[in-house]
Amino acid sequence: MAPQQQHDGQLGDLRLRLVSAGVLIPFGLYVVWAGGPLLAVACGLFAALMAYEWIRMTGSPSMKSFVALAILPFIPAALGALVWAVWALIGAVLAASFTHTVSEKRGAESFGLLYVAGMPLGLFLLREGPWDGTAAALIFMGIVWGSDSAAYFTGRQLRGPLLHPDSPSKTWSGAIGAVIFSALCGALAAHLTGGVLTVWLLVGGTVSVVAQMGDMFESSLKRRYGIKDSSGFVPGHGGLLDRVDGLGMVCVVTALAFLFAPDFVSVLGLRV
């Protein structure tokens, strides 16, 4: 483990971060609570903006077609056709493989489309799936946000060795603090849903691990392409990819778990 060299101010000005969060969090809560077409439109907008960030990050020449393909899955989603939304995502990913002018980079283009459109579609499926989607989406969003905050403040207070030498803002103390706090959030979720406490404790901690893995994966992409932030859309945080990478990964994993293990929904107390 690499020793930490510097920590203060690494994640930007705290005041600016709080202002941005004060705008994004109420917006996110509202559209998720509303669900349906409004959520589909919001997810499509986020997918388009993240598609722009991906093109900016990778230097791809296929801006217009890539952004259009990122929006495509949310047209059937807005109409309530969840299965067709998934098929539209698959079709868009395949089509993206032909949008890059350099054949050797078409695989990265396809992955990029899956990445930027798949994460918001995961949130939409979690909210609109055949379970208590409102509770599921809001609870998992809350756990991820709690994990992010716990990692930030625990890391700043305790400091210690870094998770990765090229990521001065991510420490082992912050990561462990985030897992513990998220497990406690799981306990609260068990109280709210009537689900099994021990399962929710494990789910809460696992959510934090998945969210942090999503964040570290996006950080590795930025290092690969030599940039600090995916854009400047979110003051104090960087870009949308910088802000929703962990949440998007959690939504995708959770939606798949609910679809392929329906009994898991009942254990969590989220059965309709």
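The values are calculated or read from the model by the stated rules, or taken from the named source; none is laboratory data. Note that the structure is predicted; figures quoted are calculated from it, not measured. In this analysis, Cβ positions are derived from the backbone assuming ideal geometry, glycine residues included, and neighbour counts consider all displayed protein chains.
Quick check on my filter: what residues within region 255-269 are surrounded by fewer than 19 Cβ atoms within 10 Å (Cβ to Cβ) and assigned to a helix (DSSP H, G or I)?
Hits for region 255-269 are L256, A257, L259, F260, P262, D263, F264, S266, V267.
Being under 21 Å from L121 (Cα atoms) and either small (G, A, S) or not in a helix (DSSP H, G or I) (or both) is the requirement here; does G246 meet it? I'd like the intermediate steps shown before the answer.
Details: under 21 Å from L121 (Cα atoms): yes; either small (G, A, S) or not in a helix (DSSP H, G or I) (or both): yes.
Taking the combined requirement at face value, the residue satisfies it.
Name the one entry in V209, V252, V272 that is surrounded by fewer than 19 Cβ atoms within 10 Å (Cβ to Cβ), in contact (Cβ under 8 Å) with a residue 24 or more places away in the chain and more than 17 Å from G142 (Cβ to Cβ).
V272
Does S230 fit the bill of being small (G, A, S), touching a strand residue (DSSP E or B) at 6+ places or on another chain (Cβ under 8 Å) and surrounded by 15 or more Cβ atoms within 10 Å (Cβ to Cβ)? Don't jump to the end; show me each part of the working.
Values: small (G, A, S): yes; touching a strand residue (DSSP E or B) at 6+ places or on another chain (Cβ under 8 Å): yes; surrounded by 15 or more Cβ atoms within 10 Å (Cβ to Cβ): yes.
Against the criterion (small (G, A, S), touching a strand residue (DSSP E or B) at 6+ places or on another chain (Cβ under 8 Å) and surrounded by 15 or more Cβ atoms within 10 Å (Cβ to Cβ)), S230 qualifies.
Condition first: of a type in the set (D, E, K, R), at pLDDT 95 or above and in a helix (DSSP H, G or I). Can you find one or more residues in region 48-66 that meet it?
Kept after step one, since they are of a type in the set (D, E, K, R), are these residues of region 48-66: 53, 56, 64.
The next check asks that each one be at pLDDT 95 or above; those that pass are none.
No, because not a single residue in region 48-66 is of a type in the set (D, E, K, R), at pLDDT 95 or above and in a helix (DSSP H, G or I).
Does region 40-73 hold any residues that are over 21 Å from S219 (Cβ atoms) and β-branched (V, I, T), and which are they? First the steps, then the outcome.
Within region 40-73, the subset over 21 Å from S219 (Cβ atoms) is 40-45, 48, 61-73.
Passing the criteria: V41, V67, I71.
Rundown of residues vs (1) surrounded by fewer than 17 Cβ atoms within 10 Å (Cβ to Cβ); (2) part of a helix (DSSP H, G or I); (3) at pLDDT below 95; (4) over 17 Å from the mean Cα position of the chain (by Cα), yes/no style:
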| site | (1), (2), (3), (4) |
| --- | --- |
| W84 | yes, yes, no, yes |
| A88 | no, yes, no, yes |
| A95 | no, yes, yes, yes |
| S110 | no, yes, yes, yes |
| V116 | no, yes, no, no |
| G122 | no, yes, no, no |
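State which residue is nearest to A211 (Cα to Cα) when the search covers only region 97-108 and only residues that are in contact (Cβ under 8 Å) with a residue 40 or more places away in the chain and either in contact with a Lys or Arg (Cβ under 6 Å, 6 or more places away or on another chain) or assigned to a helix (DSSP H, G or I) (or both).
Start the filter on region 97-108 by keeping residues that are in contact (Cβ under 8 Å) with a residue 40 or more places away in the chain, which leaves 100-101, 105, 108.
From what is left, the residues that are either in contact with a Lys or Arg (Cβ under 6 Å, 6 or more places away or on another chain) or assigned to a helix (DSSP H, G or I) (or both) are 100, 105, 108.
Numbers: H100: 30, K105: 27, A108: 22 Å.
By that ranking, first place goes to A108.
Condition check: β-branched (V, I, T) and without any contact (Cβ under 8 Å) to a residue 24 or more places away in the chain. Does I90 satisfy that?
Values: β-branched (V, I, T): yes; without any contact (Cβ under 8 Å) to a residue 24 or more places away in the chain: yes.
Here the answer is yes, as I90 does meet what is asked.
Does region 171-185 contain any residue that is at positive phi and touching a residue at least 24 places away in the same chain (Cβ under 8 Å)?
Step one: filter region 171-185 for residues at positive phi, giving none.
No, there is no match, as no residue in region 171-185 is at positive phi and touching a residue at least 24 places away in the same chain (Cβ under 8 Å).
Sort out which residues of region 1-17 are surrounded by 11 or more Cβ atoms within 10 Å (Cβ to Cβ) and at pLDDT 50 or above, and write them in order of number.
Passing the criteria: D13, L14, L16, R17.
Of the conditions (1) at pLDDT below 85; (2) over 20 Å from the mean Cα position of the chain (by Cα); (3) not charged (D, E, K, R), V23 clears all except one; give me its number.
For V23, the exception is condition (2).
Taking region 56-84 on its own, how many of its residues are more than 22 Å from G129 (Cβ to Cβ) and in contact (Cβ under 8 Å) with a residue 40 or more places away in the chain? Before you say what the answer is, go through the steps one by one.
Here is the first cut: in region 56-84, the ones more than 22 Å from G129 (Cβ to Cβ) are 56-69.
Those left that are additionally in contact (Cβ under 8 Å) with a residue 40 or more places away in the chain: 56-62, 66, 69.
Adding up the residues that qualify gives 9.
Are any of the residues in region 130-141 of a type outside the set (K, R), over 24 Å from L201 (Cβ atoms) and surrounded by fewer than 18 Cβ atoms within 10 Å (Cβ to Cβ)? Lay out the reasoning, then the answer.
As a first pass, look at region 130-141 and keep what is of a type outside the set (K, R): 130-141.
Next, only the ones that are over 24 Å from L201 (Cβ atoms) stay: 130.
So of that shortlist, the ones also surrounded by fewer than 18 Cβ atoms within 10 Å (Cβ to Cβ) come out as 130.
The answer is yes, given that some residue of region 130-141 is of a type outside the set (K, R), over 24 Å from L201 (Cβ atoms) and surrounded by fewer than 18 Cβ atoms within 10 Å (Cβ to Cβ).
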